[in-house]
Amino acid sequence: MSDSSLKQQLQNLKKHNARLKRIAHDARNKLSAALDGTGLCLWQLDVPSGKLVIFNRRWGSMLGYQPKELSARFEVWREHLHPDDKDDVLSAFYNHLEGKTPFYEALHRMQAKNGTITWVLDRGRVTEWDNAGRPLKVTGTHIDMTKEKNYEQQLATLANHDPLTGLANRHALQHQFTQLKNAGPLCVAFIDLDNFKHVNDTLGHRSGDEVLMRLSRRFQEACPPGVIPGRLGGDEFVLLMPYPLMHPLVKRVAQACLNAAMIPFELDNGNAQIGASVGIDEVTGGNDFSEALLLADRAMYAIKHHGKNGVMLGTQDVRLQA
């Protein structure tokens, strides 16, 4: 074959090679765009070297790092695992490498550069072995699940907390009631605000909401650890107190909450002055949440009918005053 023919074949091979590179580059860009659109990141680990190849996203971008700021290596990934999840994640990964599981999967947290937490769903499996059957390459995906986990947390918060005040709602109070009742003595306090309707009528419902939010914070500050404040709705609040009825802390917490309600609220459009009628009764073995609430409600109405702004312990009018 002549030199000119060899040169021509070499030139054709170069052109063909360049064309294949363009096709591969275009395919990789399309894959990257498609995966990025789904929030999916494709990775491959070279097990012997620990080198990671990220096919559609520069390593570290998910954790807030700039390109090339964080090296794509297994030990770097390992260092950024959340301490509370690290052992479980590595155990799941090595179990797969050792052939104990058909694939690797873990939903876990990673620590971002700014200290925030990123939730990641990691999946992968061995895709290449050496002649001795040892794993050489692991290929997998990871998905940023932070938004989904935050949404789950928001749903959990809404399911168990009053949306206006952040206090425990009826659902959460019922759950806590059962736990506290099984643990020992328990009292339920029913708090109904006095003169709250006047606030809404004269200052408006927005000011009324502001009073409820501020009062809820006061109740939280007045309650020692173990006492659970909650809101049933409107101007009705509940306290779950893990004490027998005559325990000194029952009167003390009731007095603190009564004081909290009677301190005036300075608002942008005026001052709000309210009070509270508080009924407290002890839970017996046969009481469910509704029955215990009814007993406390009856004690509260005894105060309502005798001047308001006081506390009734069972059938005992202790006349706590602010």
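The values are calculated or read from the model by the stated rules, or taken from the named source; none is laboratory data. Keep in mind it's a predicted model, so treat the numbers as computed, not measured. As a convention, Cβ positions derive from the backbone with ideal geometry for all residues, glycine included, and neighbour counts pool all protein chains shown. We work out accessible area using only protein heavy atoms, side chains counted, and drop any ligands, DNA or RNA first. Shrake-Rupley method; radii C 1.70, N 1.55, O 1.52, S 1.80 Å.
Residues are listed down the side, and each one gets a yes or a no for (1) in a helix (DSSP H, G or I); (2) touching a strand residue (DSSP E or B) at 6+ places or on another chain (Cβ under 9 Å); (3) closer than 23 Å to Leu267 by Cα; (4) among the small types (Gly, Ala, Ser):
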residue	(1), (2), (3), (4)
Ala189	no, yes, no, yes
Leu193	no, yes, yes, no
Asp201	yes, no, yes, no
Ser207	yes, yes, yes, yes
Val211	yes, yes, yes, no
Pro229	no, yes, no, no
Leu245	no, yes, no, no
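Selection of the stretch 135-148 for residues being without any contact (Cβ under 8 Å) to a residue 40 or more places away in the chain and open to solvent by 50 Å² or more (accessible area, probe 1.4 Å) yields Lys147, Glu148. If only residues of the stretch 100-124 that are modelled with pLDDT of 90 or more and not in a strand (DSSP E or B) are counted, the one that is nearest to Thr146 (Cα to Cα) is Phe103. For the stretch 217-227, the count of residues that are assigned to a strand (DSSP E or B) and open to solvent by less than 40 Å² (accessible area, probe 1.4 Å) is zero.
Taken together, Asp235, Asp268 contain a single residue that is open to solvent by 20 Å² or more (accessible area, probe 1.4 Å), among the charged types (D, E, K, R) and out of contact with any strand residue (DSSP E or B) (no Cβ under 9 Å at 6 or more places or on another chain), which is Asp268.
Taken over the stretch 200-245, residues that are more than 23 Å from Asn160 (Cα to Cα) and without any contact (Cβ under 8 Å) to a residue 40 or more places away in the chain amount to 4. Scanning the stretch 151-161 for residues that are more than 30 Å from Glu221 (Cβ to Cβ) and at pLDDT below 95 turns up at least one hit.
Listed by first and then second residue, the pairs linking a residue in the stretch 149-177 that is under 23 Å from Arg109 (Cβ atoms) to a residue that is open to solvent by 80 Å² or more (accessible area, probe 1.4 Å) and hydrophobic (A, V, I, L, M, F, W, C), with Cβ atoms under 8 Å apart and 6 or more places separating them unless they lie on different chains, form an empty list. When Ser32 is tested against the conditions (1) open to solvent by less than 90 Å² (accessible area, probe 1.4 Å); (2) at pLDDT 65 or above; (3) not β-branched (Val, Ile, Thr), the lone failure is (2).
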